[in-house]
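Each remark here refers to the structure printed beneath this line.
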Amino acid sequence: MKASNTNHWFQLKNFSAVLALSFLLVSLSFLTSNDSYKFYDNSDDWYKLQDDNFTAPDEESLCLSSAKILHRLEHQSGGVPKESVCRLRVPKSIVYEIDGDIRVDGNSSSIFWINSGGHESLNVKPFPRNCDPNAMSSVREFSVKSLQFQNGSVPQCSSNHSYPAIIFSTAAYTGNFFHDFTDVLIPLFLTAHRYHGEVQFLITNMKPIWVEKYTIFFKSLTRYKIINIDEEPHGNTHCYKSMTIGLYAHREFAIDPFMPPLGYTFADFTHFMRKSYYLERHALRKHWESPPKRPKLLLISRRWSRKLLNANEIETMASDLGFEIIVMDEHDHPLDKYAQIVNSCDVIVGIHGSALSYMVFLPQKAVVIQIVPWGRLEGLSWCDYAFTVPKAKLKYLEYQVSLEETTLLNKYPRDHPNIQDPFSVHLQGFWVLKEAYMNEDVTLDLQKFRNTLVEALEHVKKQEKTSLGGRIS
C-alpha cells in the first residue's frame, strides 16, 4: 500500500475512533442525569424541544433520564402516569417519549397531549434518518399538540388502549434489505423489546407488502394489531397513556449498549432474530456424524451490479478446499426460508451490499467474508459491516479488490481522476461515489482469495472442536 493511501486510511480510522468516543461521552451524560420527571410550564422550554441544535447539557435538563425511561412500565400500573414529554437525541434519530392523556387522530396527522399546561405544538417526522434530508422528505409529518383539559378542540376517544404505543414510518429507503434493518427493524427492536409484547405499533407511510414480509418479526415484538394510522376513518381517535414517537437508532446497522435504551447489544438483536424465526443453531457446534459434514459456505450472487464474474471458479476452489457450497440470489426465497438457509451455514461470502445483512441469522462464531470493491471503500465497508460483525459474536474477514480485478479499467483510462484520486470522488457525495465505484463487476484473483477461504475454514474447524453448541433456549 502506498504511504499516502496509508495515511488517508489512518486518518479515517482515527476519525472513526474520535466519533465513537464522542458517542460514548454523550451516552454517559444520560447515565448521570437527574431521574425526576420534568414538566414544561415555560413555553421557551417547549420550543427547545424542536431545536435540532440542542446540546447535550440542554437535553439533560429537559429530558427523562435513561434509567427512568427503562422503567416507565413501573409507572403505568398506577393509572395515568405523571404528565411528561421528553425529547432524546441519539446519533440517527430524535425520539419523543410522552406520558399522560394522549390522543391520536391519524386522519389529521395529529397527536394531542392533554395536560394542565399551555397551548403549544411541535412537528415530528417519526423516522430515524434525521441527517438525511432526501430520506426525510418522504416521511409524513405529525403535529404534536399540547392542550388543556377544558379546551374545546380536545377530540373524544373512540378507542381506549391500556398498553403503550409506538408510532413510526416505513418510508424512505425501506425495500432495500440493508435499510430495512438499519432504518426500521433494529431501531424497532431497540424501542419495543422492553415492553415484552405489550405495545401497539402505529405505522405511517405503511407499505402493506413490506410489513407482510416481516410478519414474524413484528409478531415477536407486539401482541396487538398493527394500525395503518394513515388509513384510519375520519373521527377515529386512539387514546393511550404512554407513547413513543420515532425509533431509537444509534448508527448504521449497529447497536451501542451505552446509548438509550441502555444495555442492548447487537448480539441481543441477532439472538432475537434466531429465536423469532425458530432457527436451530445458536452457535457453531461439533458435527458428530461419521464422516463429519463439510462446513457450509453460502456465496451470495448478485444479478444487476457488483457481480462475481468468476463465481463458478470460486465455487470449485471452495469445494476443493472442503466446503459444501450453497449459491443464493438475494431474491430467491421468502425471508423465513432465507433465514433457515443462512442459519445452516458456517461462512457467508458476498460483495459489499445489502444481502450481507442476512448475517443476522448466522449462528454465533460463524464467518462473514466481505469483498470490498475498489475505490477506497474500506471506510464505508467498515461502517456498514466490519464494525458490527464482531459485536454479533461472528468472525469478520475482508478481501479488498484490486483495480485489476474490476471492470473499471474498461470504463476509465488509468489517468482518469476516478482512478488516480478516489478520495476526490468521495468528497462529491454518496451518489457520485456509488455511480463511480459500486456498479462495477469483479473477477477475483483466485490465489489471493484462496488465502481468505483457508482462514475461514481453519476458524470454523477450530470452533467446531471447542463448541458444545445447542438450540436456542
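Laboratory data are not the source of any read-out in this text; all were calculated from the coordinates shown. These figures come from a predicted structure and were not determined experimentally. Here Cβ is always computed from backbone atoms with ideal geometry, including for glycine, and neighbour counts include all displayed protein chains.
Computed values, structure above
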| item | result |
| --- | --- |
| Inter-label distance, nm, simple model (7 Å from Cα along the C-beta direction), R450/R294 | 1.6 nm |
| Ranked packing of 340-352, 317-329, most packed first, by mean Cβ within 10 Å | 340-352, 317-329 |
| Distance from the stretch 250-315 to the stretch 412-452 (C-alpha centre basis), Å | 26 Å |
| The stretch 267-398 - Rg (one decimal) and Dmax (whole number), Cα, Å | 14.5, 46 |
| Out-of-range pairs (alpha-carbon distance over 23 Å; input K92/K307; K296/K462; K125/K337) | K92/K307; K125/K337 |
| Hull volume in cubic angstrom per residue (convex hull over the Cα atoms of the stretch 92-226) | 117 Å³ |
| FRET E, pair Q156, K225, Förster distance 30 Å, beta-carbon r, rounded to 0.05 | 0.90 |
| Convex hull of the stretch 88-159 built on C-alpha atoms - directionally averaged projected area, nm² | 5.6 nm² |
| Under 11 Å, Cβ to Cβ, from F168 - net charge with Lys/Arg +1 and Asp/Glu -1 | +1 |
| Cβ crowding within 10 Å averaged over residues, with 248-256, 214-222, 201-209, 168-176 ranked highest first | 248-256, 168-176, 201-209, 214-222 |
| Estimated distance in nm for a label pair at N123 and Y278, the labels positioned 7 Å out from Cα along Cα-to-Cβ | 4.7 nm |
